[in-house]
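Working notes for the structure below.
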There are 2 protein chains.
Amino acid sequence: MKKLINNPAEVVEEALKGLARAHSELLRVHFDPTFVVRADAPHKNKVGVISGGGSGHEPMHNGFVGRGMLDAACPGAIFTSPTPDQIFAAACAVNGGAGVLFIIKNYTGDILNFDIAAEMCRAEGIDVGSVLIHDDVAVQDSLYTAGRRGVGVTVLAEKICGAAAEAGLSLSEVAAIGRKVSEHGRSMGMALSSCIVPAVGRPIFELQDDEMEIGIGIHGEPGRERMTLRTANEITDILATTIFDDLPFRRNSNIIAMINGMGGTPLMELYIVFNHFARLCDERGVVIRRSLIGNYITSLEMAGCSITLLEVDDELLHWWDAPVHTAALHW
Amino acid sequence: MKKLINNPAEVVEEALKGLARAHSELLRVHFDPTFVVRADAPHKNKVGVISGGGSGHEPMHNGFVGRGMLDAACPGAIFTSPTPDQIFAAACAVNGGAGVLFIIKNYTGDILNFDIAAEMCRAEGIDVGSVLIHDDVAVQDSLYTAGRRGVGVTVLAEKICGAAAEAGLSLSEVAAIGRKVSEHGRSMGMALSSCIVPAVGRPIFELQDDEMEIGIGIHGEPGRERMTLRTANEITDILATTIFDDLPFRRNSNIIAMINGMGGTPLMELYIVFNHFARLCDERGVVIRRSLIGNYITSLEMAGCSITLLEVDDELLHWWDAPVHTAALHW
């Protein structure tokens with residue numbers, strides 16, 4: 001295992017210390033229990049937007065803490081759900097009296113622990129709303145999930161809900177916007193190679209030199225099919241067509257498109273995918289209103305990509321365009 | 001070779017088409033000859049800042065074209081210098097009467113071709129200034145270089161010169177600021193793995209499972225030493241100490257620090273490196289005024305990192321903080 005690490009057991013803690021030092025104007029990191037919180041939290045009468053999940057998907061979620069996006073993020077161990085006490089402590093730290101919104105990716109452990117944290121919050125008089133993200137069209141059930149897995153739409157939901165909360169909307173209003181994002185967003189990914197979880201020390205799945213996995217999960221969960229490596233255009237055809245047909249996205253649908261790298265894929269390759277994807281949109285009459293190309297929800301150093309599409313109206317586009325200032329997104 | 005590509009001969013062109021489509025509000029891509037140019041170029045009486053070099057180091061340079069940074073970028077084939085006609089065409093496209101500044105990384109081919117382009121420009125009455133970046137402290141001469149290689153300081157020079165040009169400074173003033181950056185910046189990198197150049201199809205160098213290369217170049221050029229893999233802290237000690245001692249950076253030096261990923265390294269590992277690096281600065285009394293952590297000058301999907309330090313005064317910090325709006329840097 002070749003990694004820039006010291007001790008596999010301490011990668012999350014050391015990375016968080018580095019994050020805190022690098023972005024002290026934006027955020028603070030609390031340990032025991034561990035959470036990342038906006039430097040200027042809590043904001044009186046502002047809904048606190050909180051997400052979290054296993055580490056290893058950087059920059060999600062820690063890199064999205066800041067103005068106009070997340071008020072707090074709760075990082076678990078690598079590919080492991082955060083615990084209820086982390087989430088509860090984060091909620092207490094950001095609650096300004098207007099309640100907190102949990103943005104939860106659909107994994108069994110995450111749902112369980114966010115639910116327990118919600119009960120703890122309510123017992124303390126903190127209003128809690130939640131949005132479940134389950135956008136991965138690849139498979140119905142999976143290794144850690146009943147129903148569809150939560151992947152790339154999480155990034156878009158955090159941006160859009162964060163903007164609405166920043167503007168002072170109520171908990172029920174921000175939650176409704178989050179559910180609208182969840183309903184109108186779809187994703188699918190693929191891998192050329194496995195990542196290596198530091199504590200495991202070896203690839204979490206095996207692919208032959210000429211193989212790829214279509215529909216891979218962000219924790220290496222099996223996808224739809226292991227098949228012979230194809231060209232970027234053919235791979236884009238498979239991912240995009242499956243997503244287009246699922247909502248379905250129609251002629252004149254306005255979309256935000258994210259072409260996401262899994263961590264080990266050069267940016268150049270993501271633009272090659274986007275180049276063909278944009279042609280497919282043109283053919284179908286789907287209108288790309290905004291795009292985001294790069295590493296946003298990764299799987300350590302996995303090589304591969306995912307495509308996330310969100311059908312947007314003027315409301316969602318308005319919140320997407322609103323200013324954001326975090327370590328990983330800034331405009 | 002597992003890559004998200006179609007034809008190895010067309011990766012640069014297809015990626016540029018994707019870039020153009022994704023960022024049409026910021027830039028245009030011209031082909032034959034190939035260059036990337038600000039959508040709103042030329043600007044009357046503004047110095048045009050131009051860089052370029054081999055492709056494969058994304059987001060550099062194309063991702064830095066936009067307001068407050070580069071007016072144009074000239075991408076060569078993968079790891080191959082751009083040709084003089086590309087550079088000349090870019091200069092003609094951005095010249096608004098105040099001349100153009102070439103920011104050149106110290107590689108023999110780049111210097112030759114930028115020099116020829118400068119002659120072509122002068123023959124057309126376009127003033128040309130240039131800044132040579134040769135910041136890599138690892139080795140004196142290298143595979144494609146007499147003297148030190150140009151690496152991470154290029155990113156900082158492009159940002160800082162771009163801001164000064166945007167503010168309306170003259171060609172000689174912007175060039176002087178660029179030379180100040182070049183004089184006060186130092187870098188060093190390391191690799192855990194090789195990248196694969198698409199047209200070559202196999203790793204460009206071999207490292208054993210327990211080996212790393214300290215002082216690697218961004219094209220896989222040999223570094224100082226191939227050694228047994230060490231911890232992130234030990235690696236950071238080696239890179240940082242070598243850089244600190246070179247300028248030298250002293251107690252109370254103010255610095256901008258860039259911890260750069262080579263393309264295939266998870267962001268988490270870069271924060272682990274930064275965490276230890278910041279402690280080293282504290283011990284030495286070196287003051288980190290700004291930091292930049294992520295993939296900025298890569299080597300395709302190489303795993304590894306580099307550290308770049310720039311000693312700054314209020315002037316350089318002022319230009320660093322000025323607004324920038326490009327595909328890869330935005331504040």
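The values are calculated or read from the model by the stated rules, or taken from the named source; none is laboratory data. These numbers were taken from a predicted model, which means no experiment stands behind them. All Cβ positions, even for glycine, are placed from backbone atoms using ideal geometry, and neighbour counts span all protein chains on display. Remember, those area values only see protein heavy atoms, side chains included, never the ligands or the DNA or RNA. Shrake-Rupley method; radii C 1.70, N 1.55, O 1.52, S 1.80 Å.
Scanning for something farther than 23 Å from A:Gly63 by Cβ, within 12 Å of another protein chain (Cβ to nearest Cβ), assigned to a strand (DSSP E or B) and open to solvent by 10 Å² or more (accessible area, probe 1.4 Å), does the stretch A:308-316 turn up at least one residue?
Checking the stretch A:308-316: not a single residue is farther than 23 Å from A:Gly63 by Cβ, within 12 Å of another protein chain (Cβ to nearest Cβ), assigned to a strand (DSSP E or B) and open to solvent by 10 Å² or more (accessible area, probe 1.4 Å).
Where the second residue is of a type in the set (Gly, Ala, Ser) and the first is exposed (fewer than 15 other Cβ atoms within 10 Å of the Cβ) and lies in the stretch A:276-294, which pairs have Cβ atoms under 9 Å and are six or more apart or on separate chains?
A:Gly285/A:Ser253; A:Val287/A:Ser253
Do we have A:Arg28 as surrounded by fewer than 22 Cβ atoms within 10 Å (Cβ to Cβ) and not assigned by TED's automatic domain parsing to the domain that holds A:Ile297 here?
Against the criterion (surrounded by fewer than 22 Cβ atoms within 10 Å (Cβ to Cβ) and not assigned by TED's automatic domain parsing to the domain that holds A:Ile297), A:Arg28 qualifies.
Regarding B:Ala22, is this residue touching a residue at least 60 places away in the same chain (Cβ under 8 Å), touching a helix residue (DSSP H, G or I) at 6+ places or on another chain (Cβ under 6 Å) and either within 12 Å of chain A (Cβ to nearest Cβ) or closer than 30 Å to A:Ala191 by Cα (or both)?
So B:Ala22 passes the test.
Here are some conditions: (1) open to solvent by 10 Å² or more (accessible area, probe 1.4 Å); (2) closer than 19 Å to A:His61 by Cβ. A:Ala123 meets all but one. Which one does it not meet?
Every listed condition holds for A:Ala123 apart from (2).
Can B:Phe88 be described as crowded, with 23+ Cβ neighbours inside 10 Å, over 26 Å from B:Val200 (Cα atoms) and within 14 Å of chain A (Cβ to nearest Cβ)?
Judged against the criteria, B:Phe88 is not a match.
For the structure I just gave you, tell me whether A:Gly129 is outside any helix (DSSP H, G or I) and either of a type outside the set (Ser, Thr, Tyr) or surrounded by fewer than 23 Cβ atoms within 10 Å (Cβ to Cβ) (or both).
Judged against the criteria, A:Gly129 is a match.
Among the numbered criteria (1) assigned by TED's automatic domain parsing to the domain that holds B:Asp115; (2) modelled with pLDDT under 95, which one does B:Pro222 miss?
Failing condition for B:Pro222: (1).
Among (1) farther than 21 Å from A:Asn113 by Cα; (2) among the acidic types (Asp, Glu); (3) in contact with a Ser or Thr (Cβ under 9 Å, 6 or more places away or on another chain), which single condition is A:Asp209 missing?
Single failed check for A:Asp209: (3).
Does B:Val200 fit the bill of being more than 14 Å from chain A (Cβ to nearest Cβ) and either open to solvent by less than 10 Å² (accessible area, probe 1.4 Å) or touching a Phe, Trp or Tyr at 6+ places or on another chain (Cβ under 8 Å) (or both)?
no
Within the stretch A:134-155, which residues are touching a helix residue (DSSP H, G or I) at 6+ places or on another chain (Cβ under 6 Å) and aliphatic (A, V, I, L, M)?
A:Val137
Working only within the stretch B:204-241, note down all residues that are open to solvent by 40 Å² or more (accessible area, probe 1.4 Å), within 29 Å of B:Thr80 (Cα to Cα) and in a strand (DSSP E or B).
Residues satisfying the conditions are B:Glu211, B:Glu225, B:Arg226.
Could you identify the single residue in A:Glu173, A:Glu183 that is more than 14 Å from chain B (Cβ to nearest Cβ), under 16 Å from the mean Cα position of the chain (by Cα) and outside any strand (DSSP E or B)?
A:Glu183
Given the residues A:Gly56, A:Gly48, A:Gly76, which is the only one that is buried (at least 22 other Cβ atoms within 10 Å of the Cβ), touching a residue at least 12 places away in the same chain (Cβ under 8 Å) and within 14 Å of chain B (Cβ to nearest Cβ)?
Checking each option against the conditions leaves just A:Gly56.
Check off (1) within 12 Å of chain B (Cβ to nearest Cβ); (2) touching a residue at least 24 places away in the same chain (Cβ under 8 Å); (3) out of contact with any Gly (no Cβ under 6 Å at 6 or more places or on another chain) for A:Asp209 and give me the number that stays unchecked.
Of everything listed in (1) within 12 Å of chain B (Cβ to nearest Cβ); (2) touching a residue at least 24 places away in the same chain (Cβ under 8 Å); (3) out of contact with any Gly (no Cβ under 6 Å at 6 or more places or on another chain), A:Asp209 misses just condition (2).
Can you say whether A:Met262 is in contact with a Ser or Thr (Cβ under 6 Å, 6 or more places away or on another chain), within 13 Å of chain B (Cβ to nearest Cβ) and either open to solvent by less than 40 Å² (accessible area, probe 1.4 Å) or farther than 20 Å from B:Met1 by Cα (or both), as far as the supplied structure shows?
yes
Being assigned to a loop (DSSP other than H, G, I, E, B) and open to solvent by less than 70 Å² (accessible area, probe 1.4 Å) is the filter; apply it to the stretch B:317-331 and report the residue that is farthest from the other protein chains (Cβ to nearest Cβ).
The extreme case among them is B:Ala322.
Looking only at the stretch B:271-307, count how many residues are among the β-branched types (Val, Ile, Thr) and part of a helix (DSSP H, G or I).
2
Is there a residue in the stretch B:274-282 that is of a type outside the set (Val, Ile, Thr), modelled with pLDDT of 95 or more and under 17 Å from the mean Cα position of the chain (by Cα)?
No, the conditions are met nowhere in the stretch B:274-282.
With respect to B:Gly294, is the statement that it is in contact with a Ser or Thr (Cβ under 9 Å, 6 or more places away or on another chain) and either under 23 Å from A:Trp331 (Cα atoms) or polar (S, T, N, Q) (or both) true?
no
Any residue in the stretch A:226-243 that's among the acidic types (Asp, Glu): show its pairings with residues that are surrounded by fewer than 23 Cβ atoms within 10 Å (Cβ to Cβ) and not in a strand (DSSP E or B) at Cβ separation under 8 Å, as long as the two are six or more apart or on different chains.
A:Asp237/A:His276; A:Asp237/A:Leu280
Of all residues in the stretch A:112-139, how many are out of contact with any strand residue (DSSP E or B) (no Cβ under 6 Å at 6 or more places or on another chain) and more than 11 Å from A:Gly99 (Cβ to Cβ)?
The total comes to 11.
Taking the stated definitions as given, is A:Gly96 at pLDDT 95 or above and open to solvent by less than 10 Å² (accessible area, probe 1.4 Å)?
It is false that A:Gly96 is at pLDDT 95 or above and open to solvent by less than 10 Å² (accessible area, probe 1.4 Å).
I'd like to verify a number: residues in the stretch B:282-307 that are within 19 Å of B:Ser253 (Cβ to Cβ), facing chain A (nearest Cβ under 10 Å) and of a type outside the set (D, E, K, R), how many?
So the count comes out to 3.
Give the residue, chosen from B:Gly189, B:Gly178, B:Gly147, that is open to solvent by less than 10 Å² (accessible area, probe 1.4 Å), under 30 Å from B:Ala303 (Cβ atoms) and touching a residue at least 12 places away in the same chain (Cβ under 8 Å).
Selected residue: B:Gly189, the only one of B:Gly189, B:Gly178, B:Gly147 that is open to solvent by less than 10 Å² (accessible area, probe 1.4 Å), under 30 Å from B:Ala303 (Cβ atoms) and touching a residue at least 12 places away in the same chain (Cβ under 8 Å).
For A:Val29, indicate whether it is of a type in the set (Val, Ile, Thr), within 14 Å of chain B (Cβ to nearest Cβ) and in contact with a strand residue (DSSP E or B) (Cβ under 9 Å, 6 or more places away or on another chain).
Here the answer is yes, as A:Val29 does meet what is asked.
Kindly list the number of the only condition in (1) in a helix (DSSP H, G or I); (2) farther than 24 Å from A:Glu269 by Cβ; (3) within 13 Å of chain A (Cβ to nearest Cβ) that fails for B:Met268.
Of everything listed in (1) in a helix (DSSP H, G or I); (2) farther than 24 Å from A:Glu269 by Cβ; (3) within 13 Å of chain A (Cβ to nearest Cβ), B:Met268 misses just condition (2).
Restricting to the stretch A:100-120, count the residues that are surrounded by fewer than 22 Cβ atoms within 10 Å (Cβ to Cβ), acidic (Asp, Glu) and within 16 Å of the chain's Cα centre (by Cα).
0
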